[in-house]
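Shown next, in structure tokens, is the structure this report addresses.
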Amino acid sequence: DLSSGINAEWPLRPGENAVTKDKHSVLLGDIGAKGQDIVYKYATDSSLNIKKYGESLYDNIVLLCPSVNAFGNGISTADFTEFVDNGGNLVIAASKDVGDPIRELAAEVGIELDDEGTSVIDHMNYDSADEGYHNLIVGKGFAAPSIITGPNPKPVLFRGVGMAADPDNSLVIDILHASSTAYSHAPDKDILEYPLAIGNNVLLVSGMQARNNARVVVFGSIEMLSDEFYGRKISIHGSETVASGNRDFVSNVLSWSFRLSGNLRYSGVKHNKVGEAPQDEAYRITDDVEYSITIEEALNGKWVPFKANDVQLEFVRIDPFVRATLKPDTSGNFRVSLCCYANKFT
């Protein structure tokens, strides 16, 4: 099934069956509305392929197949990691029934999924519609910048597997974590050993931006992407009922993962002694230096001036020993004047 779009950003979407597609029709519509041409493939399709003649066939891949045991046509975890290494963006949906391929793929980007059959449990922050296991939880621990989550995200419904970040991987991003009273475990079994993670260390949605700028996002719950959860109401212990924030939150995270937001470029780098023309020569101690750079952000398919007040410049020998915040103007130009080798670190 191939639906046409308006540009060359193609996310391949391997799903488990037609039911998966039906249950996520709003999600698919939102992706199409972002200007994405969508190619649908079953995860076990014998013709499944993500590259041809050594080149990636797609810019983005979304995996809605948490319990798949093996991908079709011999596609392996290594093929997906190579896709990311080549600059492709990857979105992965997991669940409590997560299979080994999805688990291995998440591990490749520094994210450990808990064992099959486990769920995130929270005896204090579960939705009123929970069936007794307290694993239909309300997520409010938005940790990532608003460029990922969207401004002022609303609470979301989550029912799925917990994750933990590899402490040695500094590229992993905590996008949404559980509350301090949550833990990850099989809801119908006694706790005989320490869980994979507890409290705020339980990740519900996590991401990674590679050094080549490729982006990966892992949702611990495929249900949180579903039409059902998009349309649900949230109420904790009989509190006031509010609409779930799932749709807006997921849409914003996907925009970031597809590099439709939070994507920057720079130009016009200049530096010189104060009052002199730009030059590339070395500076001496106590020289007063001016530095400027133009930064733009991609928004809705257009490059516009980047707005921020925390862009910094560092002078580095072995360690940074001068750090200064650049002052922006309305055109995306950032500028700072400073003493080149001041004896202070700010």
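The values are calculated or read from the model by the stated rules, or taken from the named source; none is laboratory data. Model, not experiment: these values are computed from the prediction. Cβ: placed from backbone, ideal geometry, glycine included. Neighbour counts: every protein chain shown. Protein only, heavy atoms only, side chains kept; ligands, DNA and RNA dropped before computing areas. Shrake-Rupley method; radii C 1.70, N 1.55, O 1.52, S 1.80 Å.
The residues neighbouring residue 202, those whose beta-carbon lies less than 15 Å from its own, together hold a net charge of -3 under the Lys/Arg +1, Asp/Glu -1 convention. Using 27 Å as the Cα-Cα cut-off, could you pick out the over-long pairs in 52/96; 96/154; 233/307? Pairs exceeding 27 Å: 52/96; 233/307. Segment 141-275: Rg/Rh from Cα coordinates, Kirkwood Rh? For segment 141-275, the value is 1.09.
Percent of Cα-Cα pairs more than 23 Å apart in segment 192-346, please. Let's see the in-between values first.
Working: 7271 of 11935 pairs.
Cα-Cα pairs of segment 192-346 separated by over 23 Å account for 61 percent.
Within the shell defined by Cβ-Cβ distances under 11 Å, the residues around residue 117 carry a net charge of -3, with Lys and Arg each +1 and Asp and Glu each -1.
Accessible surface comparison of 82, 112, probe 1.4 Å, protein chains only, largest first: the order is 112, 82.
Taking the helices alone, the chain has a mean residue ellipticity at 222 nm of -4000 deg cm²/dmol, built from -39,500 (n - 2.57) per DSSP H run of at least 4 residues and averaged over all its residues. With contacts taken as Cα pairs under 8 Å and at least 6 residues apart, segment 48-152 reaches a relative contact order of 20 percent.
Let me check against my output: what whole-number percent is the relative contact order of the chain, with C-alpha pairs under 8 Å and at least 6 apart? Here the relative contact order equals 13 percent.
Loop-located chymotrypsin sites (Phe, Trp or Tyr not before Pro) across segment 89-167 with a Cβ neighbour count of 16 or fewer within 10 Å are 133, with loop assigned by DSSP. The loop-placed GluC sites (Glu not before Pro) in segment 231-304, going by DSSP, that have at most 15 neighbouring Cβ atoms within 10 Å of their Cβ come out as 240, 276, 281. Shape summary of the chain, radius of gyration then Dmax from alpha carbon positions: 22.9, 72 Å.
Under a 5 Å amide H cut-off, with hydrogens placed 1.01 Å from N, residue 48 pairs with 73 among residues at least 5 apart or on other chains. Restricting the calculation to Cα atoms, segment 208-281 yields a radius of gyration followed by a Dmax of 22.0, 68 Å. Give, as ranges by residue number, the residues of segment 120-150 whose backbone N falls under 16 Å from the point 7 Å along Cα→Cβ of residue 190. No residue passes the distance filter. Between residue 228 and residue 284, the modelled labels are 7.4 nm apart [label points 7 Å from Cα along Cα→Cβ].
What does the charge count near residue 23 come to, summing +1 for each Lys or Arg and -1 for each Asp or Glu among other residues with Cβ under 10 Å from its Cβ? Show your work: numbers first, answer last.
Values: positive: 21; negative: 22, 223, 227, 228.
Charge balance in the 10 Å sphere: -3.
Annotation: extensible slack from residue 309 through residue 51 equals 88.8 nm (criterion: 0.36 nm per residue apart, minus Cα-Cα distance). Rounded to the nearest 10 degrees, the angle from helix 246-257 to the longest Cα principal axis of the chain is 50 degrees.
Considered as an equivalent ellipsoid built on the Cα gyration tensor, segment 250-327 has semi-axes of 32, 15, 10 Å, the largest given first. Determine the distance separating the Cα centre of segment 251-275 from the Cα centre of segment 75-148; give it in Å without decimals. Comparing the Cα centres of segment 251-275 and segment 75-148, I get a distance of 28 Å. Using 0.36 nm per residue and subtracting the Cα-Cα separation, the extra length available between residue 271 and residue 82 on full extension is 64.2 nm. For segment 146-250, relative contact order (Cα pairs under 8 Å, six or more residues apart, normalised by length) works out to 33 percent.
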